[in-house]
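Have a look at the structure below, then the notes.
Each reported figure results from applying straightforward, stated rules to the coordinates on display, with no laboratory input. These numbers come from a predicted model, not from an experiment. For neighbour counting, all protein chains shown are included, and Cβ atoms are generated from backbone atoms with ideal geometry for every residue, glycine included.
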Amino acid sequence: MKRWQMCLVGCLMASSLNAFAIAADAVPELAQIRAQLAVEYAKVGSYRYALDAANEAVKVAPDYAEGFLSRAWVYSLLGMNAEADKDYREALRLDPNNASGNNNYGLFLCDQGRAADSLVYFQRALGNPLYTTPAMAWVNMARCNLKLGHRSEANDNLLSALAVKPDYVPALLALASLHLELGNVKLASFYYDRLTGTMDSLGPEDLMTGIRLARLSGNRVREEALAARLKGRYPDSRQTQQLLSGT
């Protein structure tokens, strides 16, 4: 969304609020709209508008967990980690079983160097039978277990992700990278080969993983094809520079 369009949306919503009295039973709906708007603004990098929308969500409905979750995410993107942590905790105080909130707070803690503290929040997310994206939480838990050096646990987490979503690309990539690091080239290649239909979505690090596997497997044709894709799609990436320099 272009800046002028985002400004227009914000101005129209502000005008609507000024023009009409808000009924008490409409407050939760308004908070939901503001929270969702905060997320959309943040996705396109409009953090000022995102924070304004999230603040409004919290203001009109201080007992609405999603408002605090949206603001926590915006704060984390702005590097305001103390504020983000406070909002995550408040959201989960209001709604302890919020699966997405537990998953997101776990990931936040992991990124803050608190991987050991993060695991319980992924477990809480996965304990909610209504959670619609459990594969994501399993992969996030695996990521944090890897930070702790728990490779066996991470492998189990990733297999659990595939058990609920067999074609989940992040889990397949993580398993391929993990077993490549462990020297299990055959098993790493098994997982990487399942990505054949998603090559256009792979980033430079993912393509480099495939290049290394092809090289170790002696598959020169595959190696050259992946190298060409890497250089063509990501000519300025660190991985392309490594490939060109032979490192």
Worksheet item: Quick one: helix 65-77 against the long Cα principal axis of the chain, what's the angle to the nearest 10°, folded into 0 to 90?
Response: 50
Response to the item:
Pairs over 27 Å Cα to Cα, from K147/K231; K43/K86; K165/K186; K43/K186; K59/K165; K43/K165, come to K147/K231; K43/K186; K59/K165
Worksheet, complete the sentence: Neighbour-count ranking for M136, M141 (other C-beta within 10 angstrom, fewest to most) reads M136, M141
Worksheet entry | Taking N as its residue count, the alpha carbon Rg of the chain over 2.2 N^0.38 Å | 1.21
Worksheet, complete the sentence: Helix 204-217 sits off the longest principal axis of the Cα atoms of the chain, rounded to the nearest 10 on a 0 to 90 degree scale, by 20
Worksheet entry | Extension gain, T133 back to E83 (0.36 nm per residue minus Cα-Cα distance, nm) | 15.4 nm
Worksheet entry | Gain in span if fully extended, L159 to Q112, counting 0.36 nm per residue against the direct Cα distance | 14.4 nm
Worksheet entry | Debye intensity ratio in log₁₀ form over the Cα atoms of the stretch 20-127, taken at each q of 0.11, 0.12, 0.14, 0.21 Å⁻¹ | -0.33, -0.39, -0.52, -1.05
Discussion item. Angle check, please: helix 47-60 long axis (alpha carbons) against the longest principal axis of the chain (alpha carbons), in degrees 0 to 90, nearest 10.
Written reply: 50
Item to complete: Return the ratio Rg/(2.2 N^0.38 Å) for the stretch 129-247, where Rg is computed over Cα atoms only.
Response: 1.10
Response to the item:
Phi-derived 3J(HN,Hα) across the stretch 144-156 with the Karplus relation (6.51, -1.76, 1.60, θ = phi - 60°), rounded Hz, x for Gly and Pro, is 6, 4, 5, 4, 8, x, 8, 6, 5, 5, 4, 4, 5
Worksheet entry | Local electrostatic count at P170 - Lys and Arg +1, Asp and Glu -1, tallied over other residues with Cβ under 14 Å | 0
Worksheet entry | Order of D156, D87 under a 10 Å beta carbon neighbour criterion, fewest first | D156, D87
Practice prompt. Subtracting the Cα-Cα distance from 0.36 nm times the residue separation, let me have the gained length for L216 to E29 in nm, one decimal.
Written response: 61.7 nm
Worksheet item: Using helices alone, what [θ] at 222 nm do you get for the chain, with -39,500 (n - 2.57) per DSSP H run of 4 or more residues, divided over all residues and rounded to the nearest 500?
Response: -24000 deg cm²/dmol
Discussion item. I'd like to know which of T198, V139, L159 lies farthest towards the positive end of the charge dipole of the chain, counting +1 on Cβ of Lys and Arg and -1 on Cβ of Asp and Glu.
Written reply: T198
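Once you sort the root eigenvalues of the Cα gyration tensor of the stretch 114-166 as a ≥ b ≥ c, which label holds: rounded (a/c under 1.5), prolate (a/b larger than b/c) or oblate (the other case)?
It comes out oblate by the Cα gyration axes.
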Fill in: Pairwise Cα inverse-distance average, inverted: Kirkwood Rh of the stretch 48-193 (Å)
16.0
